[in-house]
Amino acid sequence: MTTRIAAILLPLLLLAGWEGYCRWSGIPALVLPPPSAVGAALWSGLASGRLLPHLAVTAAEMALGLGIGCLVGFVAGVALAEVAGLRRLLYPYVIASQVVPKLALAPLFILWFGFGMTSTVAITALICFFPLLENTLTGLDRVDPAKQELFRMLRAGRWRTLTRLKIPAGLPVILAGLRVAVVLALVGAVVGEFIGGRQGLGASIIAAQGMMDTPLMFALFAVITALGMLVYQATLLIERWLLSRQAKG
């Protein structure tokens, strides 16, 4: 109970301290707006409906990039885990694709896919790809050898061993990769909009910066944070549901 009260009071105290500092120090709102100004900008954007289309675009880019990146990452992880020769051949190139900063690749994606949603989804998918691949590899590699030997003794084929033993055993690790990918998906969507987006929360931040509207920029940061927390909590619920079903099965 005490922890819950502290969790509620702490952000209220931080906001009050922020508001008091802005009012008493005389710092310009252009540099650091008070929470009251940020709240007013947020309410204005939501009440007028201006922010909702941008929120929908960012959420759609995040969902598409996350879905594509995780699907490809999971399938690639299974393939590399099951075929040792393929893993030795391709894994160094996978690592090479990840060490290159995504911002450096953004101009190429814009050249290939143009401005707008497609290039942003491509950047997001590339960012989400690696956590699922790496965690899938790790999860499948950590299956108990004794259980694998039991499946061999029962003459279970590779597909049956994969679907009935390896993937269920590695599911907690794979889902941990999904949690990481969810966080990175929002980062990828917003960063992609910084570079080549015409709509979305990231593009709105760039527009607010151009208008020197700092309260609106902070309001957009708050919307991005709320969206990320909502999706992350939804991912946790899905993870608990899947693991509980696995435990019951």
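Could you tell me how many of the residues in the stretch 24-35 are surrounded by 10 or more Cβ atoms within 10 Å (Cβ to Cβ) and either in a helix (DSSP H, G or I) or touching a residue at least 40 places away in the same chain (Cβ under 8 Å) (or both)?
So the count comes out to 5.
Taking only the stretch 143-160 into account, find how many residues are within 22 Å of residue 74 (Cβ to Cβ) and either more than 32 Å from the chain's Cα centre (by Cα) or exposed (fewer than 13 other Cβ atoms within 10 Å of the Cβ) (or both).
9
Need the failing condition index for residue 49 against (1) over 27 Å from the mean Cα position of the chain (by Cα); (2) at positive phi, just the number.
(1)
Quick one: would you say residue 238 is under 26 Å from residue 107 (Cα atoms) and either of a type in the set (A, V, I, L, M) or surrounded by fewer than 13 Cβ atoms within 10 Å (Cβ to Cβ) (or both)?
For residue 238, the condition - under 26 Å from residue 107 (Cα atoms) and either of a type in the set (A, V, I, L, M) or surrounded by fewer than 13 Cβ atoms within 10 Å (Cβ to Cβ) (or both) - is not met.
Filter the stretch 151-166 for residues that are part of a helix (DSSP H, G or I) and either touching a residue at least 40 places away in the same chain (Cβ under 8 Å) or among the basic types (Lys, Arg) (or both) and give the result.
Residues satisfying the conditions are 152, 158, 160, 162, 164, 166.
Given 181, 176, 219, which one is within 20 Å of residue 138 (Cβ to Cβ), surrounded by 19 or more Cβ atoms within 10 Å (Cβ to Cβ) and modelled with pLDDT of 90 or more?
Among 181, 176, 219, only 181 is within 20 Å of residue 138 (Cβ to Cβ), surrounded by 19 or more Cβ atoms within 10 Å (Cβ to Cβ) and modelled with pLDDT of 90 or more.
Kindly indicate whether residue 21 is among the hydroxyl-bearing types (Ser, Thr, Tyr), more than 29 Å from the chain's Cα centre (by Cα), surrounded by 11 or more Cβ atoms within 10 Å (Cβ to Cβ) and in a helix (DSSP H, G or I).
Yes; evaluated as a whole, the condition is true for this residue.
Which residues, taken from the stretch 201-244, are of a type in the set (A, V, I, L, M) and not in a helix (DSSP H, G or I)?
Answer for the stretch 201-244, where residues must be of a type in the set (A, V, I, L, M) and not in a helix (DSSP H, G or I): 211, 212.
The values are calculated or read from the model by the stated rules, or taken from the named source; none is laboratory data. Just so we're clear, the structure is a prediction, and the values are computed from it rather than from any experiment. Cβ: placed from backbone, ideal geometry, glycine included. Neighbour counts: every protein chain shown.
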